[in-house]
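Colleague: Below you will find the structure I want to go over with you.
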Amino acid sequence: MSQRVVLRNVTKTFGSVVAIKTISLEIEEGEFLTLLGPSGCGKTTTLRLIAGFNDPDHGQILLGDQDITNLPPQKREIGMVFQDYALFPHLTIKENIAFPLRERRTPKEKINDRVEELLELVRLPGVEGRYPSELSGGQAQRISVARAVAYPPRVLLMDEPLGALDLKLREAMQLELRRIQRELQITTVFVTHDQTEAMNMSDRIAVMRNGEVEQVGTAREIYNFPQSSFVADFVGRINLLDAKLLSKSGGIAELKILDDARIRAKIAPEVESMSKSLCVGIRPEKLVIRSSGHEDRYDNRIPGTVIRSTFSGNLLDVFVDVGASKPFLVEQRPDKVPLDSGTQVEVCWNAPDALILSAE
Ligand code: ATP
């Protein structure tokens, strides 16, 4: 009986620390939504508010049609998975998984069947007699998921559940957690500060900053249409330049960047202000390097000097000094011959590939 979760104008302070400024968020039934953001932006606090471990100062939290704002945690029927697994070390795996079922006085035969079913679900049949110390990190996390969903919760909350695992295992567990979530069709709120993990796993991502949700959308929406330079910079790699809007017509804007370079970029109708502090963002995969003076079809070109190239297997990252505060990053195919440091080049891109963003 998966349920939708609604947070309405929720705020939370701890003494003088404002953990949540105001959050309004709707998580659909069966959806996998990730709270993504830098350390301290309020991800865990949001999760704890949904779980009932913290009370909001203002606002309302709904689960399905029920207002759960003042309901104690044990009555919310929410499953929770933590980064450190939180398994009971003195109990066997079977006893760990059975714990929430025993608490709810489930008959013994039913518990045995359910434990077996859950071990199948997390693909670990046969480990019921072991103790948590006899499992690997990935296995322990599967068991803590099994325990969290043992007495089917209305919502599953996961706080950085893969944070303690190495990269390869982490990637395998991302697929595994998503498979389990799909199989159970359970509404899930997942917390991470790892943008790749968020993009790999989520139906939608809520990007948080300073106790607020800055943007909610699918991975594609957030990557391709970020609504601020913060979101553009946090999700994926991007080159950002302060820009002044000079004119716009027919959906194309002319902007001034750097000292006095003029560029053209696609502009959304809602970008109105000519004075607002704006910046232009260009993803490194949209940039092309040309030798100076090379004639071709690109809408924009700025001169620069190659600083260095780094090879990472599937990409060649070229850093170019274009006179901005940070070098421009250009992603090239790995089979390109790396350019020598000091080479004079032009960095080129087309108008539709530049994003006009608010600079705050
Ligand atoms: P991280 O990724 O580092 O876990 P987070 O995004 O989950 O960070 P929160 O743990 O929600 O952030 O914390 C948000 C803010 O609230 C931080 O400034 C934090 O120091 C503060 N905070 C959280 N819990 C408490 C508490 N119990 N008492 C005082 N301040 C708190």
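The values are calculated or read from the model by the stated rules, or taken from the named source; none is laboratory data. Quick caveat, the model's predicted, so the values are computed rather than measured. Because the Cβ atoms are built from the backbone with ideal geometry, glycine has one as well, and the counts that use them run over all protein chains shown. Keep in mind that these areas ignore ligands, DNA and RNA; they rest on the heavy atoms of the full protein, side chains included. Shrake-Rupley method; radii C 1.70, N 1.55, O 1.52, S 1.80 Å.
Colleague: With θ set to phi - 60°, apply the Karplus curve 6.51 cos²θ - 1.76 cosθ + 1.60 along the range 297-303 and write out the HN-Hα couplings as whole Hz, x wherever there is a Gly or Pro.
Modeller: Karplus-based 3J(HN,Hα) across the range 297-303 equals 8, 6, 5, 10, 8, 10, x Hz.
Colleague: Calculated from DSSP H runs of 4 or more alone, at -39500 (n - 2.57) each and per residue, what is the 222 nm mean residue ellipticity of the chain, nearest 500? Provide the component values of the computation, followed by the final result.
Modeller: Working: 8 runs with 83 residues, N = 360.
Taking each H run of at least 4 residues, the total per residue is -7000 deg cm²/dmol.
Colleague: Let me ask you something else. With the full set of protein chains in place, find how many percent of the accessible area of the chain is carbon and sulfur; take the probe as 1.4 Å. Please list the in-between numbers first.
Modeller: Working: 8550 of 17720 Å².
Heavy-atom surface of the chain belonging to carbon and sulfur, 1.4 Å probe: 48 percent.
Colleague: Could you tell me the relative contact order of the range 5-229? Use alpha-carbon pairs under 8 Å, at least six residues apart, and round to a whole percent. Show your work: numbers first, answer last.
Modeller: Working: 399 pairs, mean separation 67.8, N = 225.
After rounding, I find 30 percent.
Colleague: Given 10 °C and 1.306 mPa s, how large is the Stokes-Einstein diffusion coefficient of the range 237-358 in µm²/s, with Rh as the Kirkwood radius over Cα pairs?
Modeller: 107 µm²/s
Colleague: Pop the C-beta distance of Arg123 and Ser247 into the FRET formula with R0 = 56 Å and round what comes out to the nearest 0.05.
Modeller: On the way: r = 60 Å, r/R0 = 1.06.
Step by step, r from the Cβ atoms, then E = 0.40.
Colleague: Compute, for Glu360, the solvent-accessible surface of its heavy atoms (probe 1.4 Å) with the complete set of protein chains present, and express it in square angstrom to the nearest 10.
Modeller: Roll a 1.4 Å probe over it and Glu360 shows about 120 Å².
Colleague: Whole-Hz ³J(HN,Hα) for each residue in the range 231-243, computed from phi via Karplus 6.51 cos²θ - 1.76 cosθ + 1.60 with θ = phi - 60°, x for glycine and proline: what do you get?
Modeller: 5, 4, 7, 7, 9, x, 9, 8, 9, 10, 9, 4, 9
Colleague: Per residue, how much accessible area does the chain have with a 1.4 Å probe, in Å²? Walk me through the intermediate numbers first.
Modeller: Values: 17720 Å² over 360 residues.
It amounts to 49 Å² per residue over the chain.
Colleague: Sticking with this structure for a sec: Please build a GNM for the chain, connecting alpha carbons under 10 Å apart, and tell me which residue among Asp259, Asp57, Asp65 fluctuates the most.
Modeller: Asp259
Colleague: Would you mind counting up the charge near Ala351? Only other residues with Cβ under 13 Å from its Cβ, with Lys and Arg at +1 and Asp and Glu at -1. Walk me through the numbers on the way to the answer.
Modeller: Values: positive: Lys248, Arg262, Arg264, Lys266, Lys286, Arg297, Arg301; negative: Glu254, Asp299, Asp353.
With Lys, Arg at +1 and Asp, Glu at -1, the net is +4.
Colleague: Protein chains only, probe 1.4 Å: how do Phe32, Phe225, Phe230, Phe99 rank by accessible area, largest first?
Modeller: Details: Phe32 0, Phe225 145, Phe230 40, Phe99 80 Å².
Result, largest first: Phe225, Phe99, Phe230, Phe32.
Colleague: Apply the Karplus curve 6.51 cos²θ - 1.76 cosθ + 1.60, θ = phi - 60°, to the phi angles in the range 339-345 and return the couplings in whole Hz, x for Gly and Pro.
Modeller: These are the phi-based 3J(HN,Hα) values: 7, 5, 4, x, 5, 7, 9 Hz.
Colleague: Among the lysines, select those whose C-alpha is under 27 Å from the C-alpha of Lys286, and discard any that sit fewer than 8 residues away in the same chain.
Modeller: Lys244, Lys248, Lys256, Lys266, Lys276, Lys326, Lys336
Colleague: Within the range 5-229, how many Lys pairs that are eight or more residues apart, or on different chains, come under 28 Å at the alpha-carbon?
Modeller: Number of lysine pairs found: 13.
Colleague: Separate question: Of the peptides 4-10, 130-136, how do they stack up when ordered by the mean number of other Cβ atoms within 10 Å, highest first?
Modeller: Details: 4-10: 19.0, 130-136: 14.0.
Descending packing order for the listed peptides: 4-10, 130-136.
Colleague: Project the alpha carbons of the range 148-208 onto their principal axes and report the range along each, largest first, in whole Å.
Modeller: Cα spread of the range 148-208 along its principal axes, largest to smallest: 30, 26, 17 Å.
Colleague: Under a point-charge model restricted to the Cβ atoms of Lys and Arg (+1) and Asp and Glu (-1), what is the dipole moment magnitude of the range 40-156 relative to its Cα centre, in debye to the nearest 20? Walk me through the intermediate numbers first.
Modeller: Working: 16 positive and 15 negative charges, 25 e Å.
Magnitude of the dipole: close to 120 debye.
Colleague: Express the C-alpha Rg of the chain as a ratio against the empirical globular expectation 2.2 N^0.38 Å, rounded to two decimals.
Modeller: Numbers: Rg = 24.7 Å, N = 360, 2.2 N^0.38 = 20.6 Å.
In units of the globular-protein estimate, the chain measures up at 1.20.
Colleague: How big is the range 290-360 by Rg and Dmax over its Cα atoms, in Å?
Modeller: So, for the range 290-360, Rg and Dmax equal 12.9, 38 Å respectively.
Colleague: Run the dipole for the range 237-358 about the Cα centre, Lys and Arg Cβ at +1, Asp and Glu Cβ at -1, nothing else charged, and hand back the magnitude in debye, nearest 20. Write out the running numbers ahead of the final one.
Modeller: Working: 17 positive and 17 negative charges, 38 e Å.
It comes to approximately 180 debye.
Colleague: Under a Cβ-Cβ cut-off of 11 Å, what is the net charge of the residues other than Pro338 that fall near it, where Lys and Arg count +1 and Asp and Glu count -1? Walk me through the intermediate numbers first.
Modeller: Numbers: positive: Arg308, Lys336; negative: Asp317, Asp335, Asp340.
Taking every Cβ under 11 Å from that of Pro338, the sum is -1.
Colleague: Amide H of Arg4: which non-local residues (sequence gap of 5 or more, or other chain) have their own amide H closer than 5 Å, using H built in the peptide plane?
Modeller: Glu29, Gly64
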